[in-house]
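*Asks:* My questions all concern the structure below.
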Amino acid sequence: MESPPSSPWVTIVIVYLGGVVAAMSLGKFASVGPVVAAELGLSLSRLGWVISAVVGVGAAVGLPAGYLVRRFGAERSLVAGLILIAAASAVSVATGDFAWLLAVRGVEGIGYVLVTISCPALILRLARERDRGMALSFWATFVPMGIGASTLAGGAMGSALGWRGWIGLLAGLTFVMALVVRVRLPRGSGRQAAAGPVPRAGALMWPAVLGAAFCLAALVTIPVIVLLPTLLIEQHGRSATAAGAVTSVISLLSVFGGLAVGVLLRRGTPVGVLGLVGLLTVPAAWLMYGGPGSAAAVQAGAGIVSMENGFLGALVFAALPLVLERLDHADVGNGVVAQAGSLGSLLGPPLFGLVAGGMGYQALVPVIAVAILAAVGLLLLVGVRAARQLPSAD
């Protein structure tokens, strides 16, 4: 008997790297933000809008973008998204005021949404059935990998080349990545729009349930990492440099959480059982905000939350094909998930700031507990659905 064909892992990794490069642009202003603010005269609030504008676009147009990717094809959409990001980055090098910079970041946001929807749809089509969980879990690590790489490289390149030089360098890298993707992806069906009927509203019910779980998880895990430097500086007297270094390392722990999902799914662990792992976020939150109060406890709790963030995000992406009516609905399904995750990422930091500012950091523990319990409950429902029926390919 012939052995079944293996998944084209080299091509899958190239698609993944396209997502990583896009995520580098998502976080490219984090390491050079103070310099940009000083040169352009931006307030802290305006700088925050520049940083978060890309996520805001995803929160607004994720689902329509999913239908757009379906109409034009995932491969074309990925190349177009990378080119949009590269072009917008190149234009931002010459910008001199807040309005232009914000507008350019909005264009980047459109490109970023196209990339984040088309990449998992392509990976789903490329990977063999036995490898899909692993491949999609691997994909889910693209944000922390991209932001981590951008933070580390941006600090060094920003010092050597200035912030405009750093942004220009990243624009060139993104354009090169678009060319690599264009050349490497298989010709033929990979370049065509998805076949079959457009999914009805009812067909998106279970992707919407997954999206709601993703939104809730992102709502209360991402702000823990985003606000960690502030907590370490204000409550534990760490310097800005030390707090930033600790946060960079902790944010990369989410990669291990994402990879763990792939390994466990490959071993046959049910989705519902994996969803229960999300409950570890609650004691981790207590350790950070309501426990011993030491810097070591805060960092340990943040490390667990970071791994949970990666774990739950990877579980959502890996579970999506198990609840689709048809596998060629993956583009629109990913649009639902991307929009929900972006919404949680956008609303989480201001929510945490409002609660912590008004009632203290301890009040964040019940907020996190309620959201995580609801997210885990939705994942348990998804687990029941996933065990009941596999999606058809036609």
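The values are calculated or read from the model by the stated rules, or taken from the named source; none is laboratory data. Only a predicted model underlies this, so the values are computations on that prediction, with no experimental measurement involved. Don't worry about glycine lacking a Cβ; one is built from the backbone with ideal geometry, like all the others, and counts go over all protein chains shown. These area figures cover heavy atoms from the full protein model, side chains too; ligands, DNA and RNA do not enter into them. Shrake-Rupley method; radii C 1.70, N 1.55, O 1.52, S 1.80 Å.
*Asks:* From Cα pairs below 8 angstrom and at least 6 apart in sequence, can you work out the relative contact order of region 208-314, rounded to a whole percent?
*Replies:* 39
*Asks:* Just the Kirkwood number for region 1-71, please: inverse of mean 1/r across all distinct Cα pairs, in Å, one decimal.
*Replies:* After inverting the pairwise mean of 1/r, the radius is 15.5 Å.
*Asks:* Here's something else I'd like to know. Between region 75-137 and region 11-30, what is the C-alpha centre distance in whole Å?
*Replies:* 8
*Asks:* Looking at the square roots a ≥ b ≥ c of the eigenvalues of the Cα gyration tensor of region 255-370, which shape do they give, rounded for a/c under 1.5, prolate if a/b is larger than b/c, or oblate?
*Replies:* Here region 255-370 falls in the oblate category.
*Asks:* Which order do the peptides 347-353, 334-340 take when ranked by the mean count of other beta-carbon atoms within 10 Å per residue, highest first?
*Replies:* 334-340, 347-353
*Asks:* Can you name the helices of the chain, as whole DSSP H runs, whose Cα span along the helix axis is 15 Å or more and whose Kyte-Doolittle mean is not below 1.6?
*Replies:* Answer set is 9-26, 74-93, 205-226, 240-266, 364-388.
*Asks:* Quick one: compute the contact order of the chain, relative version, from alpha carbon pairs under 8 angstrom and 6+ residues apart, as a percent.
*Replies:* 26
*Asks:* For PHE29, what accessible surface area do you get with a 1.4 Å probe? Give it in Å², rounded to 10.
*Replies:* 0
*Asks:* For a quick protection proxy, order the peptides 79-86, 10-17, 62-69 by their average other-Cβ count within 10 Å, most packed first.
*Replies:* 79-86, 62-69, 10-17
*Asks:* Take the alpha carbon gyration tensor of region 318-394, find the square roots of its eigenvalues, order them as a ≥ b ≥ c, and report rounded if a/c is under 1.5; if not, report prolate when a/b exceeds b/c, else oblate.
*Replies:* oblate
*Asks:* For SER89, SER342, SER6, write out the residues from largest to smallest accessible area, computed with a 1.4 angstrom probe and no ligands counted.
*Replies:* Correct descending sequence by accessible area is SER6, SER342, SER89.
*Asks:* At a 1.4 Å probe radius, carbon and sulfur cover how many percent of the accessible area of the chain?
*Replies:* 71
*Asks:* While we're on this one: State, as an integer percentage, the relative contact order of region 1-116 based on alpha-carbon contacts under 8 Å between residues 6 or more apart.
*Replies:* 35
*Asks:* Return the whole-Å distance between the Cα centroid of region 215-267 and the Cα centroid of region 144-171.
*Replies:* That distance is 20 Å.
*Asks:* Something else about it: Which value, in Å², gives the accessible area per residue of the chain when a 1.4 Å probe is used on the protein heavy atoms?
*Replies:* For the chain, the per-residue accessible area is 41 Å².
*Asks:* With all protein chains present and a 1.4 Å probe, how do MET177, MET359, MET205 order by accessible area, largest first?
*Replies:* Result, largest first: MET359, MET205, MET177.
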